[in-house]
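All remarks here apply to the structure that follows.
Read-outs: derived from the displayed coordinates by stated rules, not from any lab. What you see is a predicted model; the values in this text were computed from it and never measured. Every residue, glycine among them, receives a Cβ derived from its backbone with ideal geometry; neighbour counts consider all protein chains shown.
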Amino acid sequence: MIKDIATPARTRGILDKHGFSFKKSLGQNFLIDTNILHRIADHAEITEETGVIEIGPGIGALTEQLAKRAKKVVAYEIDQRLLPILEDTLSPYPNVKVIHQDILKADVKSVILEEFAECKDIVVAANLPYYVTTPIIMKLLEDRLPLRGIVVMLQKEVADRIAANPSTKDYGSLSIAVQYYTEAKTVMTVPKTVFVPQPNVDSAVIRLLTREKPQVEVDDEDFFFHVVRASFAQRRKTILNNLTHTLPSGKLQKELIEKALEEAGIDPRRRGETLSIKEFAVLSEKLRTML
Ligand code: SAM
């Protein structure tokens, strides 16, 4: 029987056979521990009826484990040099389709319609390229894809920021953006030793479960996120100061902003990092109608 791709010996064999050299600029840190891969797949709760989207299959270590469980796997890989390798390593798995494309430029919605028509549910599972983690997660969420959830390996520091609660040092506009769409939980921390080459930072796996509808209801999402970002512009400033200096025409409207904060039941001397998502929603609706 052929060994799993993610064993140190088989990975080395595959890399040597194809003369592959890692590109740091593409965030290429490959997993060499099947146990970790099984646990990622477990957290994604994949069944024989699940369609899985993977981002960055590398030499196919995670793809192989996903393919063994799922109905179908579609994997986006940006590095052309990996395509012949994947064709070789994934040849035992006819339910895998590799697409050579930058995920940030991909029309994932159309691919879901074409490839997953017969699947009961769809998840994203990946060991993300760390240089581009946040844009990838935000793209998947903002595209409003019909996903049950997203289970991804990423830098522990980013996982901490995504899953953070108010009044903690990690809480910020990224926590709110992701928690607006999903329930976020860090499910594993992962040592550097399970990768080749080893990354410079600690890693974690985060699970995002899509909410049926966003956590709060706002009439103008762009304005809501604008207010959130403005409130965190300088963490040590009060929310009143941040909004006054960051919102367009804020300086002229300091008194109105103060009134909106008071009507929303928020002390203008509080810092943005102490506000819950619900408080941001109330505040942005007040500001939208007043400014
Ligand atoms: N899944 C493999 C594993 O776990 O061993 C490889 C993971 S490695 C951290 C990230 C992979 O993403 C690399 O194969 C890299 O070439 C690919 N990648 C980097 N940027 C990408 C992008 N914008 N779109 C698609 N794939 C990308």
Loop-located trypsin sites (Lys or Arg not before Pro) in the range 173-225 whose Cβ has at most 16 other Cβ within 10 Å (DSSP): 211
Cα gyration tensor shape of the range 131-195, rounded if a/c is under 1.5, else prolate or oblate by comparing a/b with b/c: oblate
Residue-averaged 222 nm ellipticity for the chain, from DSSP H runs of 4+ at -39500 (n - 2.57), nearest 500: -11500 deg cm²/dmol
Cα-derived Rg to Rh of the range 35-124, Kirkwood definition: 0.93
Cα gyration tensor shape for the range 221-290, rounded if a/c is under 1.5, else prolate or oblate: rounded
Convex hull of Cα atoms in the range 10-50, direction-averaged projection (nm²): 4.3 nm²
Reference-scaled alpha-carbon Rg (2.2 N^0.38 Å with N residues) for the range 8-210: 0.97
Straight-distance crosslink candidates among aspartates and glutamates, where the alpha carbon sits under 20 Å from residue 286 and sequence neighbours closer than 8 are dropped: 217, 219, 220, 221, 222, 255, 258, 262, 263, 267, 273
Residue with peak Gaussian network fluctuation, the chain [Cα springs, cutoff 10 Å], from 100, 43, 18: 18
Euclidean distance of C-alpha centroids, the range 118-185 and the range 1-70, integer Å: 20 Å
Zone of residue 157's modelled label, taken as backbone nitrogen in the range 181-214 under 15 Å from a point 7 Å along Cα→Cβ: 199-204
Within the chain, percent of DSSP bridges classed antiparallel, to nearest 5: 45 percent
Computed lengthening from residue 196 to residue 99, 0.36 nm per intervening residue step minus Cα-Cα distance: 32.6 nm
Dipole magnitude of the range 1-142, debye to nearest 20 (Cβ charges: Lys/Arg +1, Asp/Glu -1, about Cα centre): 420 debye
Euclidean distance between Cα centres, the range 238-291 to the range 97-116, Å: 40 Å
Nearest-ten-degree value, helix 133-142 long axis tilted from longest Cα axis of the chain: 70 degrees
Sites matching GluC sites (Glu not before Pro) across the range 82-124 that sit in DSSP coil, with at most 16 neighbouring C-beta atoms within 10 Å: 118
Integer Hz, Karplus 6.51/-1.76/1.60 couplings in order for the range 23-28, x for Gly and Pro: 10, 4, 5, 9, x, 8
Prolate/oblate/rounded call for the range 93-231, Cα gyration tensor, a/c under 1.5 rounded: oblate
Extension gain from residue 288 to residue 118, taking 0.36 nm per residue of separation minus the Cα-Cα distance: 56.9 nm
